[in-house]
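Novice: Please read through the structure below; I'll follow up with questions.
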Amino acid sequence: EAEHRRAEREKELVLGKLKHLKQRDVSISRVYREYLQHCIASFKTEKTMETDRSVLKKFFRWASVRTVDKLTTSKVMDFFVYRVKVDKLIPSSIRRNREAMHAFFNFVKRKGYITENPVTEVKPPRLPDHDISFLKLGEIDGCLKAVEGDRLEPVIACAIFSGLRREEICWLTWEDVDLTEGKPLLQVRGKTVDGESWLPKTKRHRFVPISRRLHPYLVAARIQQGDRPWVFLSPEGHRWDPDNLGHRLAVELKPSAPA
């Protein structure tokens, strides 16, 4: 009976029905494990999870406390001061750190382990506005000419003429491509392929018109790929890893040294 009553009280506490009580002494290691399981269930990408893990581990080591209720707003503010002073973090990196920590503490709050998110009061630094630059037609032609005949040519053409992000290109399957004459479209959507799950950065599906200059690249790729699901294949014949693709692109597009 006592065990049953204890379980009921814990359930009421998590659901916020016991306002006069506050759950304490919840270890950071326990909450951290629960949060990682939540991230997996939410289909976060491995790259995003790796970034979040890195940020949180640095914060936990720096804070040097055992329970999650000891991670206060004051601790968070001091941590960001430390990262700027010692690690020389720039504003965009501070914002990314804050995003990771805010998401973690929101989860902790929903679990009922704390009553307020300590990161909420720490405002993100403002980023300077930058002028948006676009490739000129001559630059586009020069870029495509530089990779003419290379495996990356259709990948680069897709990036230029569709505006898709790198991961969106890597996860593009033939089920996402409609080459119907008149209104050809690309679909960016979440999916699970061979046990791997992925969601777009915006968590929303969208359709992108296939331009006249991109269309022949996709038609040629459709003929070459056969029954393989991926629109763009790595040299090993698999889905491109975004980081590997980025590295390969950087190598291919690096300006050559003058003779």
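Novice: Restricting things to alpha carbons, tell me how big the stretch 122-172 is in terms of Rg and Dmax, in Å.
Specialist: 15.4, 51
Novice: Just check the stretch 1-149 against the gyration tensor rule for me: Cα atoms, a ≥ b ≥ c as the square roots of the eigenvalues, rounded for a/c under 1.5, and otherwise prolate or oblate depending on whether a/b exceeds b/c.
Specialist: Working: a/c = 2.99, a/b = 2.06, b/c = 1.45.
The shape class here is prolate.
Novice: Work out Dmax and Rg for the stretch 76-144 from the C-alpha atoms and quote the Rg first, both in angstrom.
Specialist: 18.7, 58
Novice: Skip the ligands, DNA and RNA, and give the accessible area per residue of the stretch 124-210 with a 1.4 Å probe, whole Å².
Specialist: Details: 5630 Å² over 87 residues.
For the stretch 124-210, the per-residue accessible area is 65 Å².
Novice: May I pose another question? On C-alpha positions alone, give me the angle between the axis of helix 91-110 and the longest principal axis of the chain, in degrees, nearest 10.
Specialist: That works out to roughly 50 degrees.
Novice: Taking only Cα atoms, what is the 0 to 90° angle, nearest 10, from helix 215-225's long axis to the longest principal axis of the chain?
Specialist: Tilt of helix 215-225: around 80 degrees.
Novice: What does the net charge come to around residue 164 if you take all other residues with beta carbon closer than 13 Å to its beta carbon, with K and R at +1 and D and E at -1?
Specialist: Values: positive: 165, 166, 189, 201, 206; negative: 167, 168, 176.
Local charge sum for residue 164: +2.
Novice: Within the P(r) computed for the chain, what percentage of the Cα pairs occupies the region above 23 Å? Intermediate results must be reported in sequence, preceding the final value.
Specialist: Working: 21709 of 33411 pairs.
Tail of the P(r) past 23 Å holds 65 percent of the pairs.
Novice: Still on this structure, I have one more. Can you give the percent of C-alpha pairs in the stretch 195-259 whose distance is more than 21 Å?
Specialist: Details: 1026 of 2080 pairs.
Taking all Cα-Cα pairs of the stretch 195-259, the fraction more than 21 Å apart is 49 percent.
Novice: Compute the long axis of helix 242-252 from its Cα atoms, compare it with the longest principal axis of the Cα atoms of the chain, and write down the angle in degrees, 0 to 90, nearest 10.
Specialist: 40
Novice: Summarise the accessible area of the chain (1.4 Å probe, protein heavy atoms) by the percent that is carbon and sulfur. List each step's numbers first, then the result.
Specialist: On the way: 8900 of 16650 Å².
That fraction is 53 percent.
Novice: State the volume of the convex hull built on the alpha-carbon positions of the stretch 146-242, expressed per residue in Å³ and rounded to an integer.
Specialist: Numbers: hull volume 9.9 nm³, N = 97.
Dividing the Cα hull volume of the stretch 146-242 by its residue count gives 102 Å³.
Novice: Something else: Using only Cα atoms, what Kirkwood radius does the stretch 187-229 have, in angstroms? Display every interim value, and only then the final one.
Specialist: Details: mean 1/r = 0.0801 Å⁻¹.
After inverting the pairwise mean of 1/r, the radius is 12.5 Å.
Novice: Using label points projected 7 Å from each Cα along Cα→Cβ, tell me how many nm separate residue 134 and residue 54, to one decimal.
Specialist: 3.4
Novice: Please report the net charge: other residues with Cβ closer than 13 Å to the Cβ of residue 228, K and R +1, D and E -1. Intermediate values should be presented prior to the final figure.
Specialist: Details: positive: 222, 239; negative: 175, 194, 227, 236.
With Lys, Arg at +1 and Asp, Glu at -1, the neighbours total -2.
Novice: Mind ranking 94, 160 by accessible surface for me, highest first, 1.4 Å probe?
Specialist: Values: 94 20, 160 45 Å².
Heavy-atom accessible area, descending, gives 160, 94.
Novice: In debye, nearest 20: dipole of the chain around its Cα centre with unit charges on the Cβ of K, R (+) and D, E (-)? Don't jump to the answer; show the numbers that get you there.
Specialist: Working: 49 positive and 36 negative charges, 285 e Å.
Dipole size: approximately 1380 debye.
Novice: Got a sec? Charge dipole of the chain, +1 on Cβ for Lys and Arg, -1 for Asp and Glu; which of 182, 2, 107 is way out at the positive end?
Specialist: My answer, from the dipole projection, is 2.
Novice: OK, next. For the stretch 66-219, count all C-alpha to C-alpha pairs, find those more than 27 Å apart, and express that count as a whole percent of the total.
Specialist: Working: 5945 of 11781 pairs.
It works out to 50 percent of all Cα pairs.
The values are calculated or read from the model by the stated rules, or taken from the named source; none is laboratory data. Computed from a predicted model, the values in this text were never measured in an experiment. Virtual Cβ from ideal backbone geometry, glycine too; neighbours counted across all protein chains shown. Accessible surface is based on the protein model in full, side chains and every heavy atom, while ligands, DNA and RNA are left aside. Shrake-Rupley method; radii C 1.70, N 1.55, O 1.52, S 1.80 Å.
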